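The values are calculated or read from the model by the stated rules, or taken from the named source; none is laboratory data. The structure presented is a predicted model; accordingly, all values stated were derived computationally and were not measured. When we count neighbours, we look across all protein chains shown, and the Cβ atoms used for this are built from the backbone with ideal geometry, even at glycine. When the accessible area is computed, the model is the full protein with side chains, heavy atoms only, and any ligands, DNA or RNA have been set aside. Shrake-Rupley method; radii C 1.70, N 1.55, O 1.52, S 1.80 Å.
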Amino acid sequence: AQSVSQHNHHVILSEAASLELGCNYSYGGTVNLFWYVQYPGQHLQLLLKYFSGDPLVKGIKGFEAEFIKSKFSFNLRKPSVQWSDTAEYFCAVKPSGNTPLVFGKGTRLSVIA
Amino acid sequence: SQTIHQWPATLVQPVGSPLSLECTVEGTSNPNLYWYRQAAGRGLQLLFYSVGIGQISSEVPQNLSASRPQDRQFILSSKKLLLSDSGFYLCASGTLEKLFFGSGTQLSVL
């Protein structure tokens, strides 16, 4: 079945460590890609998105993601995490056509001092 | 930007009872509307989406249903709740560019 896979369920990092959260999808053709974030007690909100052009996308708060078409991947990265990055991160894919946005299962990031 | 109103915030219901969760949207017209469920360890699962009044698409077979009686109103219902219906339900509105989410309803079926 076509899907969006986030490989890590829970990631624990120390402050200043580098972050990479994996996201792979199985849809063929043109896709639009997103990362959403849910901070504790807050709504889900858009972190960054890729539609076309430069496959390296810059988002808010120092996050970036790279679209690698050959690997069907859209991994999220941040060079140096902060305690305030503790949140749940969701990768989402919008396949072409009428298929709506599909989310991965999410990765919980805990940043410790 | 859009604002999504969801209520109630928390709900405890016995097995077999009916359910009605309401979602209304401000700040836009003719939005695409979505119901998602976030169950423990299972991530964000799309349940229903609607592109217009009376138009509902179901993504997963279940005992839940959705209705869109007005342009900016989206209702999630059940005639008889199951234990497995427990979870966190999120209403969302938006376009391909960006989704806006409500604050969610935590449903516990006992």
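Eigen-decomposition of the gyration tensor built on the alpha-carbon atoms of region A:4-112 gives equivalent ellipsoid semi-axes of 23, 14, 12 angstrom, largest listed first. Only Lys, Arg, Asp and Glu carry charge here, each on its Cβ (+1 for the first two, -1 for the last two); on that basis chain B has a dipole of about 200 debye about its Cα centre. From the alpha carbon centroid of region A:51-113 to that of region A:1-46 is 5 Å.
The charge dipole of the protein assembly as shown, taken about its Cα centre with unit charges on the Cβ atoms of Lys, Arg (+1), Asp and Glu (-1) only, comes to about 280 debye. For B:Thr3, the solvent-accessible surface computed with a 1.4 Å probe is close to 60 Å², ligands and nucleic acids excluded.
Place a +1 charge on the Cβ of each Lys and Arg in region A:4-112 and a -1 charge on the Cβ of each Asp and Glu, then give the dipole magnitude about the Cα centre in debye, rounded to the nearest 20.
Around 220 debye, computed over region A:4-112.
Distance between the pseudo-spin-label points of A:Glu64 and B:Lys79 (7 Å out from Cα toward the beta carbon): 5.5 nm. Considering only beta bridges that DSSP places wholly inside chain B, some 90 percent are antiparallel. Summing +1 for each Lys or Arg and -1 for each Asp or Glu among the other residues whose beta-carbon sits under 13 angstrom from that of A:Leu109 gives 0. What the pair-distance distribution of chain B shows, using all Cα-Cα distances binned every 5 Å from zero, is 2, 13, 24, 27, 19, 10, 4, 1 percent.
With a cut-off of at most 12 other beta carbons within 10 Å, and DSSP calling the residue loop, which chymotrypsin sites (Phe, Trp or Tyr not before Pro) in region A:28-99 qualify? Please list them.
none
Note on region A:4-112: lysine pairs with Cα distance below 12 Å, sequence gap of 8 or more or different chains, count 4. Database note for the protein assembly as shown: every Cys has another Cys beta carbon under 4.7 angstrom. Each other residue within a Cβ distance under 11 Å of A:Ser84 adds +1 if Lys or Arg and -1 if Asp or Glu, for a net charge of -1.
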